[in-house]
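Here the structure is laid out as structure tokens; the discussion comes afterwards.
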Amino acid sequence: MKLNQASAEIWVPDGSAEASALSRVTHLCIAAHQDDVEVMALDGILAGFGTTDGWFMAVIVTDGAGSPRQGVYADYTDGQMKALRRIEQKKAAFIGEYSAVAFLEYPSSGVKGSEDSAAKEDLKALLAATNPRVVYTHNLADKHDTHIGVALRTIAAIRELPAGKRPTKLYGCEVWRDLDWLVDCDKVIFELDAHENIAAALIGVFDSQIAGGKRYDLATLARRRANATFYQSHCVDSAQMINFGLDLTPLIQDENLDPAEYIRGFVQRFAEDVDARIKRFA
């Protein structure tokens, strides 16, 4: 497949032909950065791990050049950091038995503006080639600008596919803002107890980020455990590890539905829940 950036790459961990690796995909994650996938889309990774009934693919939209760095990585140039982060992502793909991983290699600025359509066109081509049942991306309440840009380009790309070729589900997931604040009826629950050792290994390979000053390895697993424990106040835990998701599927079913208006509905229901509880006991 020809992608727009000269440095773009599609890598297949098990050495299968590219077309075969793409056509078998059932679960796809479209993420802004290397390691975002392993933080937010473990549900999809586990769907393809140790089985041939499901196959997971990761799409990394940006090149990773702007990541913070310290310690042994303090003097790395942007070019060296890009190369290292690609290697780390490939390690995760191998551990997680991904069907494939695509590196689109855009700068962050290339996905923040709707007027630049190159990233959207790459995403549309990959979605058409894979035809996944489930797609994961960043949630629209995330506080990272690049994550919002990627989520919006993902929605736009899916909307341009024929209705019969769109995913069955599109989920917005947790990275730079938890989704614990959603009212319970709005939460999508991903129970992630299986293969905790693999989950730890997947995030642990990103040493440039962890040793570089961000303990994503500890925080990612801690978030899942905290979500599981604090999900229900009056019930015993139903799982040990949970990620929350936000169902974005209506945005790819109704092309006239405004993303900002849609997410505002979740915020409004949260505000109403808080207000009603206070008034009930005032």
(request) Find all pairs meeting these conditions: Cβ atoms under 7 angstrom apart; at least six residues apart or on different chains; first residue within the range 168-187 and of a type in the set (V, I, T); second residue in a loop (DSSP other than H, G, I, E, B) and open to solvent by 70 Å² or more (accessible area, probe 1.4 Å). (result) T168/R133
(request) Filter the range 140-189 down to the residues that are assigned to a helix (DSSP H, G or I) and charged (D, E, K, R), then identify the one that is farthest from T220 (Cα to Cα). (result) K165
(request) May I ask you to list the residues in the range 192-219 that are open to solvent by 10 Å² or more (accessible area, probe 1.4 Å), touching a residue at least 12 places away in the same chain (Cβ under 8 Å), in a helix (DSSP H, G or I) and farther than 17 Å from P68 by Cβ? (result) E196, I198, A200, A201, G204
(message) Which condition from (1) closer than 29 Å to R86 by Cα; (2) open to solvent by 30 Å² or more (accessible area, probe 1.4 Å); (3) of a type in the set (A, V, I, L, M, F, W, C); (4) part of a helix (DSSP H, G or I) is the one that A226 breaks?
(response) (1)
(request) For the range 68-103, name all the residues that are open to solvent by less than 10 Å² (accessible area, probe 1.4 Å) and in a loop (DSSP other than H, G, I, E, B). (result) G96, Y98, S99
(request) Report yes if I278 is over 18 Å from E174 (Cα atoms), in a helix (DSSP H, G or I) and in contact with a helix residue (DSSP H, G or I) (Cβ under 6 Å, 6 or more places away or on another chain), otherwise no. (result) no
(request) Mind listing whichever residues of the range 124-156 are buried (at least 24 other Cβ atoms within 10 Å of the Cβ) and closer than 17 Å to N4 by Cα? (result) V150, R153, T154
(request) Count, please, the residues in the range 157-187 that happen to be under 17 Å from the mean Cα position of the chain (by Cα) and open to solvent by less than 30 Å² (accessible area, probe 1.4 Å). (result) 10
(message) assigned to a helix (DSSP H, G or I), surrounded by fewer than 23 Cβ atoms within 10 Å (Cβ to Cβ), acidic (D, E) and at pLDDT 95 or above: is that true of E121 in this structure?
(response) yes
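The values are calculated or read from the model by the stated rules, or taken from the named source; none is laboratory data. Since this is a predicted model, take the numbers as computed values, not measurements. Quick reminder, even Gly has a Cβ in these numbers, built from the backbone with ideal geometry, and neighbours come from all protein chains shown. Each accessible area value is taken on the protein alone, full model and side chains, heavy atoms only, with ligands, DNA and RNA left out. Shrake-Rupley method; radii C 1.70, N 1.55, O 1.52, S 1.80 Å.
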